[in-house]
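One structure is given below, encoded as structure tokens.
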Amino acid sequence: MKYAGHGAEIVLGCTAEGLHMIVSVTDDGPGLDARERALATTRFWRSGRHGRTAGTGLGLAIAEQLLAGRGGRLELTPVRPRGLRVRALVPLAPADGGAR
């Protein structure tokens, strides 16, 4: 909410798609351009537009690493006409096929 801006609409979703559970957050805020989306999961990176907003630039980097460690992934895509969608794809089965 703090990055989408005052009055932005934010929609949370959860669904199953194929072999993944998808948790999504979509907003109609200013979004990120292609270069910013490519950098957004880099540790300590923050958009220049959010320099005065509290934060460390670690949230998306941590989420991406946690998902990757479990065979999942994080996707950041633009929303038209404006906004950002972040999807966390979590495998429905363990990455190791259930072997223990």
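The values are calculated or read from the model by the stated rules, or taken from the named source; none is laboratory data. A quick note: this is a predicted structure, and the numbers were derived from the prediction, not measured. Note that we place each Cβ from the backbone using ideal geometry, even for glycine, and neighbour counts take in every protein chain shown. SASA here: full protein model, heavy atoms, side chains in, ligands and nucleic acids out. Shrake-Rupley method; radii C 1.70, N 1.55, O 1.52, S 1.80 Å.
Numbers below:
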| read-out | value |
| --- | --- |
| Principal-axis tilt of helix 59-69 within the chain, Cα atoms, nearest 10 degrees | 10 |
| Within-11-Å neighbourhood charge of G55 [Cβ basis; K, R +1; D, E -1] | +3 |
| Share of alpha-carbon pairs per 10 Å distance bin for the chain, given as whole % | 15, 43, 31, 10, 2 |
| C14-Q65 FRET efficiency (beta carbon distance; Förster radius 22 Å; 0.05 resolution) | 0.55 |
| Computed accessible area, E17, all protein chains, 1.4 angstrom probe, square angstrom | 90 |
| Debye intensity ratio in log₁₀ form over the Cα atoms of region 42-89, taken at each q of 0.22, 0.25, 0.27 Å⁻¹ | -0.89, -1.00, -1.04 |
